[in-house]
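Chemist: Got a structure for you, questions after.
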Amino acid sequence: MKVIIVPSKEEMGTRAAAVIAERMRGRPHFVLGLATGSSPIPLYQELIRMNQARELDFAGAITFNLDEYIGLPPDHEQSYRRFMNENLFDHININRAFTHVPDGMAKDVDAHCAAYEQMMDDVGGVKCQVLGIGGNGHIGFNEPGSSLASRTRVVNLTRGTIEDNARFFERIEDVPKQAISMGIGTILEAESIVMLTYGENKADAVAKSLEGPITASVPASALQLHEDVTWIIVEDAAARLTLEWGR
Ligand code: GLP
């Protein structure tokens with residue numbers, strides 16, 4: 001695991017964008033795995049800047065998002081499809097038909113999950129997966145207890161995650177209780193992974209994931225099994241690490 005500890009969110013974003021840009025260059029049909037949440041926003045801002053400055057081309061890029069709430073249509077204010085459009089896709093020269101977010105309104109959701117996996121396979125798999133981490137150590141919507149071998153499927157959100165995400169909805173009752181999420185096994189198949197983390201509320205999950213045992217109780221600890229992970233952490237989220245990571 002390559003751990004980079006940085007002083008600010010802005011630097012987290014520019015360092016992550018540099019890693020991704022280096023991997024994308026010379027590979028016009030690069031397959032990028034994307035995440036939602038506040039953690040990747042500084043990265044998306046930098047990717048937008050690079051694209052607008054013609055330093056990075058997305059014309060042939062293909063993207064797959066980690067997850068989507070069940071029951072929210074794509075244009076819903078809190079859907080992850082809308083988040084991606086507003087925070088990245090609307091501002092770069094990507095072909096919208098090449099961007100994929102699970103469909104939270106799919107009628108046959110199991111078939112949709114299987115088809116989502118198949119689509120990733122058909123384009124040769126994700127080359128670089130962007131991740132954030134939940135306060136309880138979740139990645140995507142793989143809550144504690146998710147099998148380390150899990151694939152794209154329907155998941156139940158924990159009470160804690162529903163409470164965390166309630167700030168984005170008018171009432172807590174409006175927060176969906178289920179989501180579609182790539183599995184931990186799916187995520188681990190990416191050729192490389194870039195994790196972004198900031199905030200002291202993540203310090204415990206970061207320490208457990210990097211320095212604790214590999215366990216389904218802390219889904220992000222599964223990243224220890226992957227050979228090409230770059231984890232960019234702002235100092236506040238690195239406060240509980242005890243090993244000499246990236247210093
Ligand atoms: C949600 C998403 C995760 C994300 C997490 C943390 O639960 N499904 O992919 O990593 O939130 O979000 P934030 O970066 O806003 O703390």
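The values are calculated or read from the model by the stated rules, or taken from the named source; none is laboratory data. Please read these numbers as outputs of a predicted model, since none were measured by experiment. Here the Cβ is made from the backbone with ideal geometry for all residues, glycine too, and neighbour counts use every protein chain on show.
Chemist: Kindly evaluate Gly60 against the criterion of being closer than 23 Å to Ala220 by Cα, at pLDDT 95 or above and of a type outside the set (Phe, Trp, Tyr).
Modeler: no
Chemist: So which residues in region 66-109 are farther than 21 Å from Asp174 by Cα and outside any loop (DSSP other than H, G, I, E, B)?
Modeler: Asn85, Glu86, Asn87, Phe89, Asp90, His91, Arg96, Ala97, Phe98, Thr99, His100
Chemist: Residue check: is Arg96 touching a His at 6+ places or on another chain (Cβ under 7 Å), without any contact (Cβ under 8 Å) to a residue 24 or more places away in the chain and either more than 16 Å from the ligand (Cβ to nearest atom) or not hydrophobic (A, V, I, L, M, F, W, C) (or both)? Steps first, answer last, please.
Modeler: Details: touching a His at 6+ places or on another chain (Cβ under 7 Å): no; without any contact (Cβ under 8 Å) to a residue 24 or more places away in the chain: yes; either more than 16 Å from the ligand (Cβ to nearest atom) or not hydrophobic (A, V, I, L, M, F, W, C) (or both): yes.
In short, no.
Chemist: Another question about this same structure. Regarding region 25-44, can at least one residue be identified that is among the β-branched types (Val, Ile, Thr) and either over 27 Å from Phe168 (Cα atoms) or modelled with pLDDT under 95 (or both)?
Modeler: Yes: region 25-44 contains one or more residues that are among the β-branched types (Val, Ile, Thr) and either over 27 Å from Phe168 (Cα atoms) or modelled with pLDDT under 95 (or both).
Chemist: Here is a further query. May I ask you to list the residues in region 138-154 that are of a type outside the set (Lys, Arg) and more than 10 Å from the ligand (Cβ to nearest atom)?
Modeler: Of everything in region 138-154, those that are of a type outside the set (Lys, Arg) and more than 10 Å from the ligand (Cβ to nearest atom) turn out to be Pro144, Gly145, Ser146, Ser147, Leu148, Ala149, Ser150, Thr152, Val154.
Chemist: Hey, does region 118-135 have a residue that's among the polar types (S, T, N, Q), part of a loop (DSSP other than H, G, I, E, B) and under 16 Å from the mean Cα position of the chain (by Cα)?
Modeler: Looking through region 118-135, none of the residues is among the polar types (S, T, N, Q), part of a loop (DSSP other than H, G, I, E, B) and under 16 Å from the mean Cα position of the chain (by Cα).
Chemist: How do the pairs read when you match residues in region 25-52 that are at positive phi with residues anywhere that are surrounded by 22 or more Cβ atoms within 10 Å (Cβ to Cβ) and modelled with pLDDT of 95 or more, using Cβ under 6 Å and keeping only pairs 6 or more apart or on different chains?
Modeler: Qualifying pairs under 6 Å: Gly37/Gly132.
Chemist: Just give me the residues in region 18-52 being within 15 Å of the ligand (Cβ to nearest atom) and among the β-branched types (Val, Ile, Thr), in sequence order.
Modeler: Within region 18-52, Thr36, Ile41 qualify.
Chemist: For region 14-40, how many residues are buried (at least 18 other Cβ atoms within 10 Å of the Cβ) and under 24 Å from Glu77 (Cα atoms)?
Modeler: Selection size over region 14-40: 7.
Chemist: Residues in region 68-84: is at least one of a type in the set (S, T, N, Q), within 22 Å of Ala190 (Cβ to Cβ) and crowded, with 17+ Cβ neighbours inside 10 Å?
Modeler: No, region 68-84 contains no residue that is of a type in the set (S, T, N, Q), within 22 Å of Ala190 (Cβ to Cβ) and crowded, with 17+ Cβ neighbours inside 10 Å.
Chemist: Follow-up question, since we're still on this one. Here is a list of conditions, (1) closer than 28 Å to Ala115 by Cα; (2) free of Cβ contacts under 8 Å to residues at least 12 places away in the same chain, and Ala18 meets all of them except one; can you say which number that is?
Modeler: All conditions are met except number (1).
Chemist: Inside region 6-52, can you point out the residues that are assigned to a strand (DSSP E or B) and in contact with a Pro (Cβ under 8 Å, 6 or more places away or on another chain)?
Modeler: Leu34
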